[in-house]
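Report on the structure given below.
The values are calculated or read from the model by the stated rules, or taken from the named source; none is laboratory data. If you're wondering where the values come from, they're calculated on a predicted model, not measured in any experiment. Using ideal geometry, Cβ is built from the backbone for each residue, glycine included, and neighbour counts are taken over all protein chains shown. Surface accessibility is based on the protein's heavy atoms, side chains included, excluding ligands, DNA and RNA. Shrake-Rupley method; radii C 1.70, N 1.55, O 1.52, S 1.80 Å.
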Amino acid sequence: MISFLTSLFALQLFVGILSVLWLLEKVSEKKKSLDLLTYSILAFGLIRVIAVIFSYYQASSVEIFYKEIIFYLGFFSFVFYFKTFDLIKLRNILYVFIGIAALVALTGVIRFNLNLVQRAQAFAPYTTFASYLLVAFAFTVSFNFGIESKLKKTSKILLSTIILCGIITSLGRTVIAIAILIFLASLIFKKLNYKSAFVIVLLTAIISFASFNINKTEITSRIDNPTYLSDRDVLYKGAKELVFKTPIFGFGPRTFHQIFPFPDEFNDKGVGGWHNDYFQIFFESGLIGLISYIVLLILLLKKAYLLIKINKRSDFIVDTGFGIIFSVIGLILTAFTIGFMTHVVLSLVFAFLIGLLSASWNKTKSI
C-alpha cells in the first residue's frame, strides 16, 4: 500500500514478490478464492489476448504481455491474500492506504507552494496523482475512524482536508468535480456530519486560496482559457473517423500511434493514448472488450451495493462498501477524460479495490 504512489520500482518489486508467493500456493487453495469478479477479470484478460491475435500491429500489441501482466498478477494476489485477513488487518491496511495518500497529497501541495511544479503532484504525474487521491478521499470520508474518539474525529477532518487540497491544487477539472460529488454523497448518506464537512470546506478553501496566490501560473491560464480541451477535441475527431473501421475486435492493444489519423493536429506532441478508457478499450479490443469491461464495472458496483445492504453487524464492512462504491464511481467518471484500466499504477489501485471487495464479501458471509 505504501509503494502505490511513492515508488514505481518498489510497487513493481513488491507486487512481483507477492505474485511469486501466490504462484507457490497450493492450487486447491487458489481455487477457494475464485468468485464471479475473478471470472470477469479472466474474461476481460482473455479478450485482450484475442485482440492481440487479431491485431493489425502485433509487434506493438504483444507489449501488453509484459506491461499489463502486473495488473493480473496483482489482482489475483490481492483477492487471494486479502481473504486470509481478519477485519482488524483489513482495517489497518485501509488506514495505511489513507495515511500514505495524505502524505502523498501533502508532498504535492508543498511542492506546488514551493513553485517546483505548476500543478500539484508528488512522485507521479498530476493525472495519476489526482486519480489516486480521489480513491483515497472516497475512503477517508466514508470511514468513521472510531468516531466516538475526538482525536480520531479530528484525524478524519485533517486527512480529508489534506487529500482534498491535493486534488484541488492538481487542477484536474474532472477530478475536482468528482471529488465534490463524493463529498456531497458522503453527506447525503450520513458518512460525514455537517459540522465536520463545514470545517473541511473551510480549511480546504483557506489552504487552496493561499496556495493559488503563491503559485498563480496554471490557475491564471485556466481562468484565461476556461474551455481549453487539452487536445481532446482532436482525440474526439480521430475517434469519429475510426469508430466503424474494426468494431468487433479493434485494432489491437497499444496501437494508438499507428492508427490515429490526425497526430499533427495535437498541441502536445507527447499524446500517446486516448485519455479515455472507453475509447481505449473499444479501439484496442473492440465492442466485445468494451462490453466485458462495462459488465465488470456493473458487477463490481452491484456487489458493493449488496455488501452494504445485507450486512447488519459490521460498521467497518458498511464503511468499506461505501468507500468502494464512491471510489469506483469516481474512477468510472474519470475514465472519460483520464483512464485507469491500462495504467500501470491506477490499474493496481483498481485491483486493490476488487480484492478488498472480495475479502469484505467473504467476511460478510461468515459473520
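With a ≥ b ≥ c the root eigenvalues of the C-alpha gyration tensor of the stretch 160-302, is it rounded (a/c under 1.5), prolate (a/b larger than b/c) or oblate? Cα axes put the stretch 160-302 in the oblate bin. Extension gain for the segment residue 115 to residue 198, taken as residue separation times 0.36 nm less the Cα-Cα distance, is 27.0 nm to one decimal.
Model label points for residue 233 and residue 42, set 7 angstrom from Cα along the Cα-to-Cβ axis, are 4.8 nm apart. How much of the accessible area of the stretch 228-356, probe 1.4 Å, is carbon plus sulfur, in whole percent? Roughly 64 percent, rounded to a whole number. 3J(HN,Hα) along the stretch 252-267: x, x, 6, 10, 4, 4, 7, 9, 5, x, 10, x, 6, 8, 6, 6 Hz, from the Karplus curve 6.51 cos²θ - 1.76 cosθ + 1.60 with θ = phi - 60°, whole Hz, x for Gly and Pro. Helices meeting the span-like rule in the chain (full DSSP H runs, Cα extent of at least 18 Å along the helix axis, mean Kyte-Doolittle score of 0.5 or higher): 8-24, 36-53, 69-82, 87-113, 126-142, 150-169, 173-188, 194-214, 277-310, 315-334, 346-366. If you take the beta carbon distance between residue 213 and residue 67 as r and set R0 to 41 Å, what does 1/(1 + (r/R0)^6) give as a FRET efficiency, to the nearest 0.05? With a Förster radius of 41 Å, E is 0.50. Each principal axis of the Cα cloud of the chain was evaluated for its coordinate range; sorted largest first, these ranges are 60, 60, 35 Å.
Over the stretch 1-115, what is the mean sequence separation of C-alpha contacts under 8 Å (at least six apart), divided by residue count, expressed as relative contact order in percent?
Numbers: 39 pairs, mean separation 53.1, N = 115.
It rounds to 46 percent for the stretch 1-115.
Per the 1.4 Å probe, what fraction of the accessible area of the stretch 1-136, in percent, lies on carbon and sulfur atoms?
Values: 4680 of 6600 Å².
The computed percentage sits at 71.
Within the straight-line cut-off of under 13 Å between alpha carbons, the aspartates and glutamates reachable from residue 303 are 35, sequence neighbours fewer than 8 places apart in one chain being disregarded.
For a Förster distance of 30 Å, can you work out the FRET efficiency between the beta-carbons of residue 144 and residue 298, rounded to the nearest 0.05? Provide the component values of the computation, followed by the final result.
Numbers: r = 28 Å, r/R0 = 0.94.
Efficiency, from the Cβ-Cβ distance: 0.60.
Which loop-located trypsin sites (Lys or Arg not before Pro) does the stretch 266-367 contain, where loop means any DSSP state but H, G, I, E or B and the Cβ has at most 13 other Cβ atoms within 10 Å? Intermediate results must be reported in sequence, preceding the final value.
Working: sites: 269, 302, 303, 309, 312, 313, 363, 365; in loops: 269, 312, 313.
Within the stretch 266-367, the qualifying trypsin sites (Lys or Arg not before Pro) (loop, at most 13 other Cβ atoms within 10 Å) are 269, 312, 313.
Evaluate Rg over Rh across the stretch 74-122, taking Cα atoms for both radii and Kirkwood's formula for Rh. Each step should come with its number before you reach the end.
On the way: Rg = 15.8 Å, Rh = 12.8 Å.
My calculation of the ratio gives 1.24.
Protein heavy-atom accessible surface, 1.4 Å probe, per residue over the chain: 46 Å².
Among residues other than residue 231 with Cβ under 9 Å from its Cβ, the summed charge is -2 (Lys and Arg +1, Asp and Glu -1).
Taking 16 Å as the straight-line reach from the Cα of residue 153, the lysines in range (excluding those fewer than 8 positions away in the same chain) are 190, 191, 195.
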